[in-house]
Amino acid sequence: MVRFVTHCFALVAISLVLASAAGSRPAAEVRIASDSESPPTRLLPAQVELDTGAREQRPAAVGDQRSAVPPEATPAPTSLTRSTLGADQLQATVTFDPRRGLPRWLRAIHDVPLWPGADGADTAPAALPAGSTYVKPLGPFVDTRVQVYFPGDGDHPAGQAWVDTSAVEPSDIPPWIAPSAGTPSSLPAPPQRVGDVPAPDTTAVHVAIVDDGSGQLLYGEDAFARVPQASTTKIGTTIVALERSPDLSRRIRVTVSATAMAARDGSSTMGIEPGRTVSLDTLLHGMMLPSGNDAAEQVALALADSREQYVGWMNDEAAALGLKDTHFVNPSGMDAAGHYSSAYDMAVLARYAMRNATFRDLASASRYAGDGFPMQNLNRLLDLYPGADGVKIGFTDAAQKTIVASATRDGHRVFVSLMHSQDLVGDCTALFDWVWQTFAW
């Protein structure tokens with residue numbers, strides 16, 4: 001009995017010692033990875049909702065919609081749902097550090113100067129307010145500044161700049177790009193439907209009508225179906241070029257042959273041939289007006305380290321705008337497996353691009369001559385419909401006729417996006433007329 005009692009006391013003593021040791025251990029250390037370490041990649045909480053809630057978060061049309069609930073589509077390519085980098089920087093005590101990865105967007109947490117360069121001695125020509133300012137990181141960074149693209153607002157033009165990393169934080173898609181129902185917004189209220197006349201029948205299989213000011217989908221027919229988009233692709237090619245290389249006077253040595261491209265696949269071209277130089281301005285007009293595939297390929301090769309990198313930038317753009325039904329595999333819009341978009345996505349892309357004044361000039365130009373290349377815009381709506389001011393048409397065997405059209409009346413711009421149409425001018429005219437008669441701002 002004595003031995004048993006002794007063992008019991010010994011066990012109790014050992015337990016007390018172990019409990020005391022455990023209680024005296026310090027809390028687990030919170031480590032911030034050093035510059036040489038690769039921190040674990042995690043999704044931003046908002047991005048998790050964005051990427052996994054894909055179909056449920058599509059906008060409903062303000063007007064009648066013949067396909068109100070779109071059918072389920074195949075999952076978007078990995079490049080559109082990849083995790084946002086720099087997510088470990090959400091800790092309140094950690095300053096945004098571009099060396100740890102770049103998010104899709106940055107939001108100003110302090111008034112943010114837009115510096116012309118990375119040099120700390122520069123003078124900032126403009127400072128934008130905290131909270132409502134969003135910029136898109138482009139990649140280059142030096143010390144405490146990162147190069148960004150500012151999409152512009154009512155008071156400041158779009159353009160490339162450098163911002164201080166201490167003034168910004170990683171952000172989800174800006175609300176003005178992807179307005180959602182029930183979310184407070186500084187955007188204008190969407191127009192109200194004041195007429196009962198149904199939307200006109202058109203030859204287009206896929207239709208999306210989007211109000212520029214509010215970003216709201218006013219009307220759609222099978223607007224979210226993934227289909228070939230043809231040369232409306234060049235809306236993406238062009239805005240990426242303007243974001244990455246805004247100097248339109250830049251001279252580019254031609255390496256692409258229009259003759260060879262036309263012979264190979266029937267490409268539309270602006271007519272460039274190797275051995276000469278042209279300005280970036282001429283190439284961008286060559287893309288947007290005569291829809292030159294040679295110009296699109298040359299821009300991609302000249303502005304990026306490779307064609308693949310440039311197409312990657314285009315898919316980054318689609319991801320940054322929340323385009324769930326868009327994927328690019330070439331800069332021109334030629335039919336290819338995995339190259340597709342939707343009527344709605346292309347309208348959203350055009351709405352974003354039209355914030356850039358240079359893009360608006362390109363999209364609305366009926367004619368242009370530069371570097372010895374006279375050009376005429378293939379978008380006949382510009383000359384035939386009052387108020388038409390953009391954007392881009394396309395055609396391939398698989399896509400048939402496509403267009404994202406822009407028209408402005410009484411200060412209000414509306415985008416009509418059509419896929420697989422047989423009569424671009426007739427369809428757009430009927431739909432624009434219906435909008436002006438049926439909605440009031």
Problem - FRET efficiency, 1/(1 + (r/R0)^6) with R0 25 Å, evaluated for residue 357 and residue 201 via beta carbons - result: 0.10
Problem - With DNA, RNA and ligands ignored, accessible area of residue 221 (1.4 Å probe; Å², nearest 10) - result: 20
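Just the accessible area per residue of segment 184-290, please: how many Å² with a 1.4 Å probe?
37
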Fill in the blank from the handout: Residue separation between residue 306 and residue 119 times 0.36 nm, minus their alpha-carbon distance, gives in nm 64.5 nm
Exercise for the section: Excluding residues on the same chain fewer than 8 positions from residue 136, give the aspartates and glutamates whose Cα lies under 15 Å from its Cα. Expected result: 97, 153, 164, 169, 172, 243, 316, 317
Handout entry: Within-13-Å neighbourhood charge of residue 338 [Cβ basis; K, R +1; D, E -1]
Key = -1
Exercise for the section: Sum up the charges of everything whose Cβ sits under 14 Å from the Cβ of residue 234, counting Lys and Arg as +1 and Asp and Glu as -1, but leave residue 234 out. Expected result: -2
Problem - segment 371-414: C-alpha gyration tensor shape, a/c 1.5 cut-off, then a/b vs b/c - result: oblate
Problem - Residue-normalised accessible area of segment 294-441, given per residue in Å² at a 1.4 Å probe - result: 34
Practice task
Treat each spin label as a single point 7 Å out from the Cα along the C-beta direction, and report the residue 276 to residue 111 distance in nm.
Solution key: 5.0
Practice task
For residue 401, go through the lysines and keep the ones whose alpha-carbon is under 21 Å away, minus same-chain ones fewer than eight residues off.
Solution key: 234, 392
Practice task
Using a 10 Å cut-off on Cβ atoms, rank the peptides 242-254, 99-111 from the highest mean neighbour count down.
Solution key: 99-111, 242-254
Handout entry: Highest to lowest packing among 293-301, 370-378, 417-425, 330-338, scored as the average C-beta count within 10 Å
Key = 293-301, 417-425, 330-338, 370-378
Exercise for the section: Evaluate the distance, in nm, between pseudo-label points positioned 7 Å from the Cα of residue 264 and of residue 130 along their respective Cα→Cβ axes. Expected result: 5.3
Problem - Carbon plus sulfur fraction of accessible area for segment 126-272, probe 1.4 Å, in percent - result: 53
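The values are calculated or read from the model by the stated rules, or taken from the named source; none is laboratory data. Bear in mind that the values here come from a model prediction, so they are computed numbers and not experimental data. Cβ: placed from backbone, ideal geometry, glycine included. Neighbour counts: every protein chain shown. Calculation scope for accessible area: heavy atoms of the full protein, side chains included, ligands and nucleic acids excluded. Shrake-Rupley method; radii C 1.70, N 1.55, O 1.52, S 1.80 Å.
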